[in-house]
Amino acid sequence: MDNIFSVPDLDENEYIIDVNNVTVRFNKSTENINDLKEYFVKLIKHELMFQEFLALQDVNLKIKKGEAWAIIGTNGSGKSTLLKVISKILKPYKGSVKVNGTVASLIELGAGIDPKLTARENIYLNGCILGYNKKFIDSKFDEIVEFSELEDFLDSPVQNFSSGMTSRLGFSVATVVQPDILIVDEVLSVGDVLFRKKCMNKMNEMLSVGTTLLFVSHNMQQVREMCNKAIWLNHGKVLRVGDAEGICNEYETKIAAIKEEERARRAEQERLLNEQAEMIKQKRKLSATDKK
């Protein structure tokens, strides 16, 4: 078991993650088809119309062992898509991805967890999905439970859990070993502050012994604390790559400008609506006067 999860010996010039000119394409249906029979009839007749959507476009990312990278950008910029390509969940339309080593992914809250099963059962299920055998999970069971702080809820169905409790369960199982690569996507945005700090400490501990981190968060303070490098995505394209501190500063400036533009737009919209309301009010007064 130890050999499965050992950090690979890489040449100093070799990358643990090498994303080379990756493009991911999705097809969006341009028709609203609610009937399954109609869908298959159109499919057979080649009458289904699709619109091409590029979630990632010619993305390059080269990461060395032990580095901590943040992937930042607004919603819909392609952050989760990139993580799914690296995790082998999605296959790129163009380009290639080379990953050297084991990957523990926390990409979606509740991924690999069955809400109808208890926390106890999900520890074994999620562990199996991550490649752990029953004997290994047995040996780590108490450690997982202790870290998750779910001792009193082990035999409760996960569907009754809060999002924070579900996040605790997934994080505790995924980090019970020392993976070569840890991928964390916004799962620390839920739950209480103390547990988030506990998770940050755990990740820093893993980084100190060679784990490579890919971290997605809208919280730039978390990014600054965890990462020394960053890639900024915008509409599927790479906007910036480099030092995390500098990119975080640029990103915050850009977001602040966008928010200011939005406030100005809403203020102008409110002004016009108030003018319209005043005009309507005056018309009603004139109408009432005429009736007299």
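Points to keep in mind about this one:
- Cα pair distances exceeding 33 angstrom across segment 17-252, given as percent: 26
- Amide H partners (placed H, <5 Å) of SER156, local residues excluded: ALA119, ARG120
- 25 Å Cα-Cα threshold exceeded, pairs from LYS64/LYS140; LYS98/LYS254; LYS98/LYS237; LYS65/LYS254; LYS202/LYS237: LYS64/LYS140; LYS98/LYS254; LYS65/LYS254; LYS202/LYS237
- Sum of side-chain charges, SER156 neighbourhood, beta-carbon under 15 Å (Lys, Arg +1; Asp, Glu -1): -3
- Once the chain from ALA264 to GLU278 is taken as fully extended at 0.36 nm per residue, the excess over their C-alpha distance is 2.9 nm.
- Convex hull of segment 112-165 built on C-alpha atoms - directionally averaged projected area, nm²: 3.4
- All other residues whose Cβ lies under 15 angstrom from that of PRO92 are scored, Lys and Arg at +1 and Asp and Glu at -1, for a net of +4.
Computed from the coordinates by the stated procedures, all read-outs in this text should not be read as laboratory data. Bear in mind that the values here come from a model prediction, so they are computed numbers and not experimental data. As a convention, Cβ positions derive from the backbone with ideal geometry for all residues, glycine included, and neighbour counts pool all protein chains shown.
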